[in-house]
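Scroll down for the structure; my scribbles are underneath it.
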Amino acid sequence: MTPPEAPRDAETPRGNMPPAASVCPQKSGLFIIRTRADFLRAARAQKQGAGSMMVQARDRRDGGDAIRVGFTCSKKVGNAVARNRAKRRLREAARAVLPEHGRPGWDYVLIGRAHETAARPFEALKGDLIFALRKLHG
């Protein structure tokens, strides 16, 4: 069944209906890292710990101007519900911070920590990410 906000065919949506999420342009300018090879390359690059996360950063040196970001949490964070909650919080912090403080042409991997990522106030979580980025680029 097609959701009510999704276009029924390849045409643009009719009336005041918003487009489906899959056809929305990317507003934040961030691209998600999804391949294992990209995560492994970031793991071999620079690392910086912060109170609620670990940030790995790598200059791709490919001439691209996109900021790419990946998210991960180990089973030490908790069960699937706890890991997904931590990753949702990391995604939202990255969406708020990386367009301003990240560098184009870099890959970032944010790794959640047990208890701290989920329990930390959101403003402090964003502050931790800004701190880590300043240390990595400073």
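The values are calculated or read from the model by the stated rules, or taken from the named source; none is laboratory data. Quick caveat, the model's predicted, so the values are computed rather than measured. All Cβ positions, even for glycine, are placed from backbone atoms using ideal geometry, and neighbour counts span all protein chains on display. These accessible areas exclude ligands, DNA and RNA; they are computed on the full protein's heavy atoms, side chains included. Shrake-Rupley method; radii C 1.70, N 1.55, O 1.52, S 1.80 Å.
Among the conditions (1) within 21 Å of Arg34 (Cβ to Cβ); (2) not in a helix (DSSP H, G or I), the only one that Arg89 does not satisfy is (2).
Counting only residues that are more than 23 Å from Asp59 (Cβ to Cβ), in a helix (DSSP H, G or I) and not hydrophobic (A, V, I, L, M, F, W, C), which one in the stretch 95-125 is least open to solvent (accessible area, probe 1.4 Å)?
Residue satisfying both the conditions and the ranking: Thr117.
Across the stretch 44-62, the number of residues qualifying as touching a Lys or Arg at 6+ places or on another chain (Cβ under 9 Å) and either of a type in the set (A, V, I, L, M) or farther than 15 Å from Gly112 by Cα (or both) comes to 11. Considering only residues in the stretch 1-44 that are out of contact with any helix residue (DSSP H, G or I) (no Cβ under 7 Å at 6 or more places or on another chain), surrounded by 10 or more Cβ atoms within 10 Å (Cβ to Cβ) and among the β-branched types (Val, Ile, Thr), the one that is modelled with the lowest pLDDT turns out to be Val23. Restrict the check to the stretch 73-94 and report whether at least one residue is more than 16 Å from the chain's Cα centre (by Cα), open to solvent by less than 50 Å² (accessible area, probe 1.4 Å), modelled with pLDDT under 95 and at positive phi. Yes, the conditions are met somewhere in the stretch 73-94. Checking each residue in the stretch 45-71 for being touching a residue at least 12 places away in the same chain (Cβ under 8 Å) and open to solvent by 50 Å² or more (accessible area, probe 1.4 Å) picks out Gln46, Met54, Asp59, Arg61, Asp62, Gly63, Asp65, Arg68.
Taking the numbered list (1) in contact (Cβ under 8 Å) with a residue 60 or more places away in the chain; (2) touching a Ser or Thr at 6+ places or on another chain (Cβ under 9 Å) in turn, Lys135 passes all entries but (2).
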